[in-house]
1. Relative contact order of the chain, please, whole-number percent, based on alpha carbon pairs below 8 angstrom and at least 6 residues apart.
2. Note down the magnitude of the dipole of the stretch 28-77 about its Cα centre, charges +1 on Lys and Arg C-beta and -1 on Asp and Glu C-beta and zero elsewhere, to the nearest 20 debye.
3. Could you size up the charge dipole of the stretch 80-138 around its Cα centre, putting +1 on the beta carbon of Lys and Arg and -1 on that of Asp and Glu, and report it in debye to the nearest 20?
4. Please report, as a whole percent, how much of the solvent-accessible surface of the chain comes from carbon and sulfur atoms (probe radius 1.4 Å).
5. With springs only between Cα atoms under 10 Å, which of PRO14, PRO128, PRO97 fluctuates most in a Gaussian network model of the chain?
6. Using helices alone, I'd like the mean residue ellipticity at 222 nm for the chain: each DSSP H run of four-plus residues gives -39500 (n - 2.57), total over residue count, nearest 500.
7. Could you order the peptides 38-44, 103-109, 84-90 from most to least packed, using the average number of other C-beta atoms within 10 Å per residue?
8. Is there a quick way to get the dipole size of the chain? I mean about its Cα centre, with the Cβ of Lys and Arg at +1 and of Asp and Glu at -1; what is the value in debye to the nearest 20?
Amino acid sequence: MMYSEKVLDHFSNPRNVGEIENADGVGEIGNAKCGDIMKMYLKIDDGIITDAKFKTFGCGAAVATSSMATELIKGKSIEDALKLTNDAVVEALDGLPAVKVHCSVLAEQAVRSALSDYYTRQGIDPLPIVGEIKEPEE
């Protein structure tokens with residue numbers, strides 16, 4: 001299995017690891033089949049994601065995709081963050097082996113899950129905005 005330099009870099013030196021105290025949105029998503037669990041923390045100010053951190057329990061690709069996902073949404077509007085797809089994460093990492101693409105889906109869903117939590121805390125039904133959060137398939 002070949003990993004790109006970017007995947008290896010984000011695995012060896014993950015960005016934005018940790019938790020945000022008093023986060024505005026926290027999302028957790030897991031994949032029962034492979035045992036990967038991602039927790040995503042967002043700080044949102046005026047509709048802009050000013051900070052994003054994550055804690056991932058899983059394989060190197062899961063760590064790399066979480067790291068890249070936080071990098072891609074930091075400083076962006078909620079609308080832009082909601083447009084983040086797992087394909088964009090894979091592309092930003094210069095590709096992933098086919099058997100590891102589910103990790104990028106996990107990263108996308110973790111972002112959506114945290115945004116969903118953010119709307120719920122605001123007293124807004126997240127479903128029409130964020131859509132359904134799905135547990136990724138292998």
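1. On the way: 275 pairs, mean separation 40.2, N = 138.
Rounded, it is 29 percent for the chain.
2. Computed charge dipole of the stretch 28-77: roughly 120 debye.
3. Working: 5 positive and 11 negative charges, 35 e Å.
Dipole size: approximately 160 debye.
4. Values: 3520 of 6880 Å².
Of the solvent-accessible surface of the chain, carbon and sulfur hold 51 percent.
5. Looking only at PRO14, PRO128, PRO97, the largest GNM fluctuation is found for PRO128.
6. Numbers: 6 runs with 59 residues, N = 138.
Roughly -12500 deg cm²/dmol at 222 nm, from the helical runs in the chain.
7. Details: 38-44: 23.9, 103-109: 27.0, 84-90: 18.3.
Top to bottom by mean Cβ count within 10 Å: 103-109, 38-44, 84-90.
8. Details: 14 positive and 23 negative charges, 46 e Å.
In total the dipole reaches around 220 debye.
The values are calculated or read from the model by the stated rules, or taken from the named source; none is laboratory data. None of the values given here were measured: they were computed from a predicted structure. Ideal geometry is used to build each Cβ from the backbone, glycine not excepted, and the neighbour counts take in all protein chains shown. Protein only, heavy atoms only, side chains kept; ligands, DNA and RNA dropped before computing areas. Shrake-Rupley method; radii C 1.70, N 1.55, O 1.52, S 1.80 Å.
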